[in-house]
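Take a look at the structure set out below.
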Amino acid sequence: MCFPNVKAIARNCCSSAMTKTSSSLYGRFEATLRATNAPGLVSGFFLHRDLPRQEIDVEITGNRPDQMLANVYVNPGCDGAKFDYGYRGTPFAIELGFDASEAFHTYAIEWAPDDIRWFVDDRLVHRRVLWDPTPIPNLPMTLHVNT
């Protein structure tokens, strides 16, 4: 969705988002994208659900397109539980070794019951195991890609 007449810090703004319509429980999820380098914006590729909120993130901030943040949020409860105070993961910064705003790269999340693995261009860049520092999300989530 583009808004050519909207200005932010004297810039034209364009943004887009895509969401898978069905939910998934575990698997491999990939997105090939070129991140933004505009400060204040975030390019995101993530799995998410509400009630209870659970999330697995890949985020690249416009002010640091040479770095990727991997993160996990987990709230307890079964489907429909109104918890929003659970285990907050600590974002893990991963130096990419390149500027993600200069070319397209493939980012992947492999989500299993006992671990989560993050890949960049088929290279494993981070792994989180159960309770290190949060539990692994255990409910179906939808896939999102946005800026």
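Rule-based calculations on the coordinates, nothing more; no lab input. Because the structure is a prediction, the values reported are computed rather than measured. So basically every Cβ, Gly included, is an ideal-geometry build from the backbone, and we count neighbours across all protein chains shown.
By the Stokes-Einstein formula, at 1.567 mPa s and 4 °C, segment 63-117 with its Kirkwood radius over alpha-carbon pairs has D equal to 94 µm²/s. Rg and Dmax of the chain, both derived from C-alpha coordinates alone, stand at 15.7, 47 Å. Backbone geometry of segment 135-147 corresponds, through the Karplus equation with coefficients 6.51, -1.76 and 1.60 at θ = phi - 60°, to 3J(HN,Hα) couplings of x, 7, x, 10, 10, x, 9, 9, 8, 9, 9, 7, 10 Hz, x marking Gly and Pro.
Note down the relative contact order for the chain as a percent, whole number, built from C-alpha pairs under 8 angstrom at least six residues apart. Walk me through the numbers on the way to the answer.
Working: 359 pairs, mean separation 44.0, N = 147.
With pairs under 8 Å counted, the relative contact order is 30 percent.
The residue among 142, 80, 42 whose Cα reaches farthest toward the positive pole of the charge dipole of segment 38-147, with charges on the beta-carbon of Lys, Arg, Asp and Glu, is 80. Here the 3J(HN,Hα) profile of segment 59-75, calculated from phi with Karplus coefficients 6.51, -1.76 and 1.60 at θ = phi - 60°, is 9, 10, 8, x, 7, 9, x, 9, 9, 10, 9, 10, 8, 9, 10, 9, 10 Hz, Gly and Pro shown as x. For residue 96, the residues whose modelled amide H falls within less than 5 Å of its own, excluding neighbours fewer than 5 places apart on the same chain, are 67, 68.
Here the gap between residue 17 and residue 101, fully extended at 0.36 nm per residue and compared with their Cα-Cα distance, gives a gain of 28.5 nm. Ranked by the mean number of other Cβ atoms within 10 Å of their residues, highest first, the peptides 108-116, 126-134, 64-72 come out as 64-72, 108-116, 126-134.
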